[in-house]
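Each remark here refers to the structure printed beneath this line.
The values are calculated or read from the model by the stated rules, or taken from the named source; none is laboratory data. Nothing here was measured: the structure is a model prediction, and the numbers come from that model. A quick note on method: Cβ atoms are made from the backbone with ideal geometry, for glycine too, and the neighbour counts reach across all protein chains shown.
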Amino acid sequence: MLGRARTIRATQALVDAVAILHQVADRDRQALEQRRADDLKQLRAGFAEEAGDLYEDHAAETSRRRTALNDAVTTFSTPQHDGGPFDVAEYVRLGQATLDTDLPDRAASPTIPVWAPLLDHGNLVLTGSWSDTVAGLIRSMVHQTLTDSGPGQVRIRSVDPSVRSALAAFSPLADVRDDLLTPPATSEHEVEEMLQGLLADVRATVDMFQGRRSTLGQLRRETGQPIGTYQLLVVTDFPAGFSRRATEGLLNVMRAGPAVGVSTIVHVDPAFRSTPGTPAVDTLASQAETIAVTDQGVRTGWLPGWTMTPDPEPDLTTTADLAEKARGAQAPQIDFLDCQPNVDLLSDVSTHRLTATIGRAGQRPVTLTLGDEIDQRHNILVSGAVGQGKSNLLMVLIHSLAMRYPPSELEMHLLDFKEGVTLEPLGARSSPPSWLPHAVSIGLNSDRTYGASVLSHLVAEFERRATLMRGHGDNITKYRLADPSHRMPRILVVIDEFQVLFDADDDTSERALADLERLARKGRAYGIHLVLASQTLSGITSMLTKQDGIFAQFPIRLALKNSAAESRAVLDQNNTAAARLRYRGELLVNLDFGDVESNRRATVCWAQDRQLAQLRQRLCDHSGADHSRRPTTFDGAHAPSLAEAHQKLSGIRRSPDSTAARSALLGTTVDVRSEPVGFALTADNGRHLAVVGAGAPRSGSGISEADNQAVGALQAAALSLAAQHGGDGAQIVIVDLLPETTSTACNMNEFTNILGTSGVTVTRYDNKNVDDYLISLNDMIESRQPDDAPVYVVAFGLDRVRKFRHLDMARGATVTPADGVHALLRDGPPVGAHLLAWWSSLRVMNEHLGLEASGTVDGILALRVTSNDAQDLFGPFTVWKPDGPRGLLHDRVESSEPSVIVPFRPLMTAQIDTVRQMVEQL
Amino acid sequence: MNGWDAYRQAAAHLAEMPEEADADVERLAADQEQRTESVRASFEHEIEHTYEHKQKCNQLLSDGRDELRRVRGQVLIDRSEPLADAEIDPRLDIREATRRADVALDELRTAVSKQKSPSELAGDVAGGVGLLVAFATVVLVITLIVIQFI
């Protein structure tokens, strides 16, 4: 019984313990569940906070990225275009884009401009069926490429197999230069040809990089020159019109082109299928940035997530302005002195060659060498249209040589046949003195006679040197090496607009051509080098027969921008590269007779007038003894004044021999030396001088009575005679029959007074008393003895004697004025009496001389007379078309043919005091 | 980086922002889910533990019944019977309660082991009766003796 009770108790205890355990478990579970609920509640609260924080983070990051984008857009939207040649449309704007999705900050989606990389950076592939949008995008890109690049910098080429004519609005560019906008390639053959040409351009430019990793733009900025050529190829409807070969060519152009300035815009039309076996469109896209035009909008590959709205098309009427700017494009300037190598001034020797630096090609200087026995390049042919920098090129060439070589090593003869004043500062008239010490002669506004005489002079020099060199080798280098002490400078002859020499088909032209040919063929051996420059070589008809022979001696061809015809003329029949030059100052250098394979583009350095003047002053200072040697300057449009005759008159010293023949100075020769020309007044019969023809043109031409050549020649004659006689008792009789205006304009009163200060006896007659004086000549001549002091009758306007043959019986006269003049003419010279007279009309002169005095005048100076009169005077083969201050002087005793002179100008008002002092010092 | 790259990159960065934000939100949500699940899981284990103890209770009761069944099939513990409410010491943790229940079961086992089976109990009853008679006799004798003396 006890066990049972115990069992019952144990059972009750167990039940109780289990109940407690049960309740404890329930309690614990409830507690856990409560804690879990609390924890989860807390966690959820934390989650909300985290979500809020995340939103704020996103908003902040979005704001930061918006700011970064705005900054990037602002920075990028202000490209530096200054309108200069270095401007390049590296990026073109297409439109504006908005984001496809809302931003986390829930603010409005930004709108940004869309730019596309182009020149120097890449290509563009535009996919989509042909539409206004596609056409507009293409035109917009081309337009911006042209406006944002330097004028005339970019050539546009196009492939348009479907004749979309999207670029027709740009046609005015082709009027400026045919290469600025070439006709579109439409057939497979044309496309292949165009791409081959582009690849050749790419290769040529790559060579210019010389292995540097750079873009064309960088290279241009580094060199400061617009080297190379930017080209934009526009392809529509690819792959239509593209063969497999053309597609591969296009790929190559797209791969290698952008870095060297050739970029491509390819429109891919999905409607066209590629030729089997050609590279897939994806391959093109791998070489470009992509633009997709779909019904949903325009999207670019470089702005994922953005949809673009294209800008409105630009105003294409401005294309004409673009063309105009391209027409006036100018190369950047390379300073002349910066361009020159660092050599000591006037320190080089010309024994072996002459070297000049005229510009730069890329970073390399462009150096020309003349006279080198290995190169065998001795002469230069220069061509360039008006305003393309030919004068600058010549000045650069001249001064580059002048810097290196002293005048003892290099002499120059410079001829300018145009009306410019390029060479004038180089002459001795420059003020302050800054002439070119190397210049022996300078011809300004040169006429053909002077040019021909310079060539004759050079031929004579050539012959002189040939004689000297005999036995010392066959060229100047050997001669100078054999005898270093002997001075034999090389001679550079520069003739600008040389074709003027051959303008007429006459003796002068023929003689000049023969001399030129001889100098070109053989001058090199004797150190004579020619630089012939012209703006038009193609029209020199008189050179046709000898042109090839002459130009074959000119291996160096320098072509500035010109027409295609001129390019062929100066370079080669197949070489029109000069027509494709872009700027004034851009130069095509060809050292192989114009062969197209030897073309090299360069930029001529820029020589400023003041800079060159300073350089010449330094050259004059450094030249030492040579400084005193002024170049002879011949200005075809300028007659020497009496003041300028100072040196010439100083040379005519008074002779101690009172019986020595005196020379009447009339003018200067038209030749290298520009020496004074006189007429010798000896005691031989016939030593009189007749000046015939108008002294000034009747009207127009800008030459006034103050420039009356007849008056000037006779004043100079009188002055020179006075200078030679001084106080030896010689007498000068001035017969002034000039119209009052002419007499005043030519300062006849002042001239007479000045003449009186020279020591000679001066008597003056005018219309009032000239008849009596002329009548008196009859008795005077009869009474004179051979050793009497000379008397010179200088008559201005003798044809104005109204009663030349009138016998004034009312006054008991037995002779006429004509008798007096005839007596002087017939019998004067042996007794020291000479007549120097001006008749403005040949007819009147012949009437005055009549049969009685015909043939008694040895000296004739014809001025403005007709061709017939000239032939009457000098013979049937005489050609005389005076242009400018020229006279045709013939001394029948001294020469069989007349020669051209430049008569002196009459006394100018501004020079009265100068001439007076000069005469007093003589 | 030149201007073009900066422009292009900045535009791309901004365009990427919504996607990045979505990704961040998704990442956060997943993280939160994970953390919630982690909390849930961590409590689940402990709560499950309490259920284990409750199962233990059933087991204990079942074991106790089995023990009781050994002594003549008595069913003193019916699982269907509501367990008695007990005053629970708040400091009593579940391990101690379990231990006590185990001890109670052990005690039950001990008690059961000491309880006679019915046959043994009959013998014991007979023996007890004999003893009781003997005892009563003794008591009577003694009583009689005592009475005798009195």
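Residues B:L61, B:L105: which one is at pLDDT 85 or above, touching a helix residue (DSSP H, G or I) at 6+ places or on another chain (Cβ under 7 Å) and not small (G, A, S)? Can you show your working first?
Working: B:L61 fails: at pLDDT 85 or above.
Matching residue, one of B:L61, B:L105: B:L105.
Where in region A:71-132 are there strands (runs of 3 or more DSSP E), lying wholly inside it, with at least 1 residues that are within 13 Å of chain B (Cβ to nearest Cβ) and farther than 23 Å from A:E222 by Cβ? Quick ask: steps written out before the conclusion?
On the way: elements: A:91-99, A:111-117, A:124-127.
Strands (runs of 3 or more DSSP E) meeting the threshold: A:91-99, A:111-117.
Of A:T75, A:T101, A:T145, which residue is of a type outside the set (G, A, S) and not assigned by TED's automatic domain parsing to the domain that holds A:E192?
Working: A:T101 fails: not assigned by TED's automatic domain parsing to the domain that holds A:E192; A:T145 fails: not assigned by TED's automatic domain parsing to the domain that holds A:E192.
None of the other options fit; the residue is A:T75.
Need pairs with beta-carbon distance below 7 Å; first residue among the acidic types (D, E) and within region A:59-72, second modelled with pLDDT of 95 or more; sequence gap 6+ or separate chains.
That search, which allows pairs on different chains as well, returns nothing.
Can you find a residue in region A:640-653 that is surrounded by 22 or more Cβ atoms within 10 Å (Cβ to Cβ) and either modelled with pLDDT of 85 or more or part of a strand (DSSP E or B) (or both)?
Checked against the condition, which is being surrounded by 22 or more Cβ atoms within 10 Å (Cβ to Cβ) and either modelled with pLDDT of 85 or more or part of a strand (DSSP E or B) (or both), region A:640-653 yields no hits at all.
Check off (1) at pLDDT below 85; (2) part of a helix (DSSP H, G or I) for B:P82 and give me the number that stays unchecked.
(2)
Regarding A:R65, is this residue in a helix (DSSP H, G or I), buried (at least 19 other Cβ atoms within 10 Å of the Cβ), charged (D, E, K, R) and not assigned by TED's automatic domain parsing to the domain that holds A:I112?
On the way: in a helix (DSSP H, G or I): yes; buried (at least 19 other Cβ atoms within 10 Å of the Cβ): yes; charged (D, E, K, R): yes; not assigned by TED's automatic domain parsing to the domain that holds A:I112: yes.
So A:R65 fits the description; yes.
B:A29 fails exactly one of the following numbered conditions: (1) of a type in the set (A, V, I, L, M); (2) touching a His at 6+ places or on another chain (Cβ under 8 Å); (3) more than 8 Å from chain A (Cβ to nearest Cβ). What is the number of that condition?
Status for B:A29: all satisfied but (2).
Being in contact (Cβ under 8 Å) with a residue 40 or more places away in the chain, away from chain B (no Cβ under 14 Å), out of contact with any helix residue (DSSP H, G or I) (no Cβ under 6 Å at 6 or more places or on another chain) and among the acidic types (D, E) narrows it down to one residue among A:D282, A:D311; which is it?
It is A:D311.
Restricting to region A:555-594, name every residue that is surrounded by fewer than 19 Cβ atoms within 10 Å (Cβ to Cβ) and modelled with pLDDT of 90 or more.
Listed by number, the residues that qualify are A:L591, A:D592, A:F593.
Run A:A174 past the list (1) in a strand (DSSP E or B); (2) closer than 20 Å to A:Y583 by Cα; (3) not aromatic (F, W, Y) and report the number of the one that doesn't hold.
The number of the failed condition is (1).
For A:T319, only one of the following conditions fails: (1) outside any strand (DSSP E or B); (2) of a type in the set (S, T, Y); (3) under 17 Å from A:L119 (Cα atoms). What is its number?
Evaluating A:T319 over (1) outside any strand (DSSP E or B); (2) of a type in the set (S, T, Y); (3) under 17 Å from A:L119 (Cα atoms) leaves (3) as the failure.
The conditions are (1) facing another protein chain (nearest Cβ under 7 Å); (2) under 60 Å from the mean Cα position of the chain (by Cα); (3) of a type in the set (K, R), and A:R64 fails exactly one of them. Which is it?
(1)
Scan (1) under 26 Å from A:E222 (Cα atoms); (2) at pLDDT 90 or above; (3) part of a loop (DSSP other than H, G, I, E, B) for the single condition A:I156 breaks and write down its number.
(3) is the only condition that A:I156 fails.
Could you please find all residues in region B:98-114 being more than 7 Å from chain A (Cβ to nearest Cβ) and touching a residue at least 24 places away in the same chain (Cβ under 8 Å)?
Residues satisfying the conditions are B:D102, B:R109.
Any residue in region A:767-791 that is in contact (Cβ under 8 Å) with a residue 12 or more places away in the chain sitting within a Cβ distance under 7 Å of a residue that is surrounded by 14 or more Cβ atoms within 10 Å (Cβ to Cβ) and of a type in the set (F, W, Y)? List the pairs, counting only those 6 or more apart or interchain.
A:Y773/A:Y765
Would region A:901-916 turn up any residue that is crowded, with 17+ Cβ neighbours inside 10 Å, more than 25 Å from A:Q724 (Cα to Cα), of a type outside the set (G, A, S) and not assigned by TED's automatic domain parsing to the domain that holds A:A452?
no
Kindly indicate which of A:F238, A:F242 is touching a strand residue (DSSP E or B) at 6+ places or on another chain (Cβ under 6 Å) and hydrophobic (A, V, I, L, M, F, W, C). Reasoning before the result, please.
Numbers: A:F242 fails: touching a strand residue (DSSP E or B) at 6+ places or on another chain (Cβ under 6 Å).
Answer to the check: A:F238.
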